[in-house]
Amino acid sequence: MLTAICTLFEKDYHYGVGALVNSLYVHGFRGIVWAGYRGNLPFWAQPLTLSEGYQEYKVAEGCAIRFVKLETHKHFGYYKPDFMWQLMENYCPEVEALFYFDPDIVNKRDWQYYEHWVNCGVALCGDSWYSMPNNHPTRMAWRKFVESHNFVCDRPLEHHYNAGFIGVPKKYQYILSIWQKLTDIATESGYIDFDDLYSHKCVYNYPYIFGDQSIMNMTLMVTDCPISTIGPEGMDFIPGGDTMSHAISPAIKPWRKKILLRGLQADAPTVTDKLYWNNAQTPIPLYSPRKISLTQMEIRIASGIGRFIRRPAM
């Protein structure tokens, strides 16, 4: 199956991109990762080959990252469907499926599993806020909003999905155009702010839009393409997952975290922290060997401290 991967990053999120690609490569992905970015290219992406519309960095045999510089003013959360559509139309129209991963995700599963997954329908992963019945008041507000703009909500959903990952088969590409259109309508209606993904004004007022995630879930309500879903364990939001690990906001990203200091503050390293640092060296070396060794040692010490000192349950 011919597939490709994409992500979006700016500022220091290139550290996440590197670990994401490493984790995909060691689990069998061979192909192109399309990385849309603002600002500067990563220091580790050398040498680069210039091509029409992108710059390519060869990661290892059979795997490359193609960097696409973006000029959009949108928050990247709202730009996901735009970027995926652009890729499927102009950059890689030959692919049978395109996957989007947030740059703060680390992969844990063999790539052939993803190819099987997307053959079952649009691939989705449950959010940390997973249970959201069809009669949930927020979902009913979303239904009222989309139906007021001539969409029909024929799909009853009981769960809420995370927008940090989606796999879209080529034949269901139209879901991206609906996602784009609902984003534009919400913007024109004043219900979202392109500069602030989680604006309090938007989250706590009708129709209660929590960034790109709400718009993606609305899109699922008004489209009829098959979907294939796993629960929140798929991103390590609850124990038992074997697919991905997602360092969601407002958690401190693994590459920024002062592991030992936070361990002494009763904040032990998470599964995602450990996976990030396990994937920070090969095939893309994000840090020096000395830095990797020291951080792994800090993780072991902080994990040991965490067996005795823990934050009280909320």
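Take the Cα of residue 271, go 7 Å toward its beta carbon, and the backbone nitrogen atoms of the stretch 95-118 under 17 Å from that spot belong to 104-110. Note on residue 187 and residue 291: with the Förster distance fixed at 51 Å, the Cβ-Cβ geometry gives a FRET efficiency of about 0.75. Less than 5 angstrom separates the built amide H of residue 227 from those of 122, all sequence-distant by 5 or more or on a different chain. If a spin label sat at a point 7 angstrom from the Cα of residue 11 along the line to its beta carbon, the backbone N atoms of the stretch 197-239 nearer than 12 Å would be those of 197. Rolling a 1.4 angstrom probe over the stretch 20-102 with all protein chains present gives an accessible area of which 48% lies on carbon and sulfur atoms.
For residue 159, nonlocal amide neighbours, meaning residues 5 or more places apart or on other chains whose placed amide H falls under 5 Å from its own, are 132.
Pull out the extension gain between residue 61 and residue 171, defined as 0.36 nm times the separation in residues minus the alpha carbon to alpha carbon distance; nm, one decimal. Provide the component values of the computation, followed by the final result.
Details: separation 110, 0.36 × 110 = 39.60 nm, distance 2.94 nm.
Taking 0.36 nm per residue and subtracting the Cα distance, the gain is 36.7 nm.
Exceeding 27 Å between C-alpha atoms, which entries from my cross-link table qualify? They are 80/170; 253/291; 80/253; 69/258. Walk me through the intermediate numbers first.
Details: 80/170 16 Å; 253/291 17 Å; 80/253 20 Å; 69/258 31 Å.
Pairs exceeding 27 Å: 69/258.
Within the chain, the longest run free of GluC sites (Glu not before Pro) that sit in a DSSP loop with at most 12 other Cβ atoms within 10 Å is 159-314. Along the stretch 178-194 the Karplus relation, 6.51 cos²θ - 1.76 cosθ + 1.60 evaluated at θ = phi - 60°, assigns HN-Hα couplings of 5, 4, 4, 5, 5, 5, 5, 5, 5, 5, 4, 7, x, 8, 9, 10, 4 Hz to successive residues, with x for each Gly and Pro.
Computed 3J(HN,Hα) for the stretch 67-83, one whole-Hz value per residue from the Karplus formula 6.51 cos²θ - 1.76 cosθ + 1.60 where θ = phi - 60°, is 8, 10, 6, 10, 10, 4, 8, 5, 4, 4, x, 7, 8, 4, x, 4, 5, glycine and proline marked x. The length gained on full extension between residue 155 and residue 41, counted as 0.36 nm times the residue separation minus their Cα-Cα distance, comes to 36.9 nm. Using alpha carbon coordinates only, what is the Rg to Rh ratio of the stretch 112-240, with Rh defined as the Kirkwood radius? My calculation of the ratio gives 0.95. Solvent exposure of the chain amounts to 45 Å² per residue of accessible area, where only protein heavy atoms count and the probe is 1.4 Å. Dividing the convex hull volume of the alpha carbon atoms of the chain by its residue count gives 138 Å³ per residue.
Over the stretch 198-314, the fraction of Cα-Cα pairs per 5 Å bin, rounded to whole percents and listed from the shortest bin up, is 2, 9, 14, 15, 17, 14, 11, 9, 6, 3, 0. In a fully extended conformation the segment linking residue 258 and residue 50 would gain 71.2 nm over its present Cα-Cα distance, using 0.36 nm per residue.
Restricting things to Cα coordinates, could you compute the convex hull volume per residue of the stretch 168-267 in Å³?
Values: hull volume 16.1 nm³, N = 100.
Taking only Cα atoms, the stretch 168-267 has a hull volume of 161 Å³ per residue.
The values are calculated or read from the model by the stated rules, or taken from the named source; none is laboratory data. Note that the structure is predicted; figures quoted are calculated from it, not measured. Virtual Cβ from ideal backbone geometry, glycine too; neighbours counted across all protein chains shown. Each accessible area value is taken on the protein alone, full model and side chains, heavy atoms only, with ligands, DNA and RNA left out. Shrake-Rupley method; radii C 1.70, N 1.55, O 1.52, S 1.80 Å.
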